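So the structure is just underneath, and the comments pick up after that.
Bear in mind these aren't lab numbers, they're just calculated from the coordinates by the rules spelled out. Given the structure is predicted, the values throughout are model-derived calculations rather than measurements. Every residue, glycine as well, gets a Cβ built from its backbone with ideal geometry; the counts of neighbours run over all protein chains shown.
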């Protein structure tokens, strides 16, 4: 606070009186506005760091079922038990970026064949959690290759890529499979959830001619779409806050994980795909909403088929209708795999 000096002449007194300079007490609203903006920015950045850790850093997630227990009441009990006991070959290679050591299981078909499938697992899953699908394709006469995505299972990695960097890892696995089984190999790429998105994203890059078809089960349209949906579905974040939150998280992901979240788009890659693709999605999927599959289906440029599975929740289409599931696969793939 500042003061001025005044002489009181009215009373002929030589008193020196201190007065407050009121100009210094003026309120400046713009200072409050700047303070509020800075506070909001700090809160958004802190929240974005938290959600980056939840979404991109591997580890326990409360919304993911990590149980490996096999119940006899499971409709796919026999398939899972078969996988548990079947002999597997262990394959390894460097990631496409050269940073990480990746691991896969390989199960040869019961009889020599040119038919091969590469199976991609879901978010915080692993090859061990895809045993029922390995059994399914093995029963259909395929050689089965099951990679652990980077930062999952036995594979190295610091962050989850949601199929975007993994699409080039999958291409390396495909080339390794061709080297193993010959130039006359016929290859199907199959994935569930994040693996389904990985399948769609891989479909849009240059691939060997031995890749004949794709099957995706409950994959998302894009990483941004899925993040936006889960921000509301899991955390109840209002729409007007999601844009700055996801945009800031995308910047963090670019610096730490090498790409903006908006780049990781199944839709964009499907526009480049001219090979056959079967789209499967549960009608009651509330994790990757069912409406996404219609946009994915529309985007693909090759021969395609869509099956929305009645009564099926997320990644439960096979368990909900196992006989029909296998029938749909066989009817679709037999057109392209001989």
Hey, what did the chain get for relative contact order, percent, Cα under 8 Å, at least 6 apart?
14 percent
Picking from 127, 111, 80, which is most flexible by a Gaussian network model of the chain using Cα springs under 10 Å?
111
Once residue 50 and residue 274 are pulled to full extension, the length gained, defined as 0.36 nm per residue separation minus their Cα-Cα distance, is 76.7 nm
Among 243, 293, 118, which one moves the most in a GNM of the chain with springs linking Cα atoms closer than 10 Å?
243
Two-decimal Rg/Rh of the range 24-182 from alpha-carbon positions, Kirkwood Rh?
1.24
Please work out the C-alpha center-to-center distance from the range 266-307 to the range 111-168 and express it in whole Å.
19 Å
For helix 29-56, what angle does its Cα long axis make with the longest principal axis of the chain, in degrees from 0 to 90 and rounded to 10?
20 degrees
Can you figure out the FRET efficiency of residue 111 with residue 233, using R₀ = 56 Å and their beta-carbon distance, to the nearest 0.05?
0.80
Highest GNM mean-square fluctuation among 265, 71, 48, for the chain with Cα springs under 10 Å, belongs to 71
At 0.36 nm per residue, minus the direct Cα-Cα distance, what do residue 323 and residue 60 gain on full extension? Give it in nm, one decimal, please.
91.4 nm
Taking the Cβ-Cβ separation of residue 301 and residue 31 as r and a Förster radius of 45 Å, what is the calculated FRET efficiency to the nearest 0.05?
0.20
Would you calculate the separation in nanometres between label points at residue 251 and residue 283, each defined as 7 Å from the Cα along the Cα-to-beta-carbon direction?
4.5 nm
